[in-house]
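Read through the structure below, which is laid out as structure tokens, and then see the notes.
Any read-out appearing in this document is the output of simple, stated calculations on the displayed coordinates, not a laboratory observation. Just so you know, these numbers come straight off a predicted model, no measurement behind them. Ideal geometry is used to build each Cβ from the backbone, glycine not excepted, and the neighbour counts take in all protein chains shown.
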Amino acid sequence: MSTRLKMLLSDFPGVDPAAMGFPREWAEEPVWKQGCEAFPSEVQSPLGDPSL
């Protein structure tokens, strides 16, 4: 999940992580550096589109 978030933020450089409440060096925090195998890829988005 952290990889997907980082990819989305790089795809949309106009989105400000600070405006979403992320601290300045959020990507350096251990929780964002590790993968999240506990979050299965087959879980669907709440909007019903798995690509979101």
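Worth pointing out:
- Once the chain from F22 to S10 is taken as fully extended at 0.36 nm per residue, the excess over their C-alpha distance is 2.8 nm.
- Rounded to the nearest Hz, the phi-derived 3J(HN,Hα) couplings of segment 5-16 under the Karplus curve 6.51 cos²θ - 1.76 cosθ + 1.60 (θ = phi - 60°) are 4, 4, 5, 4, 5, 6, 6, 10, x, x, 7, 9, where x marks glycine and proline.
- Exposure proxy for V15, V31: other Cβ atoms within 10 Å of each Cβ, ordered fewest to most, give V31, V15.
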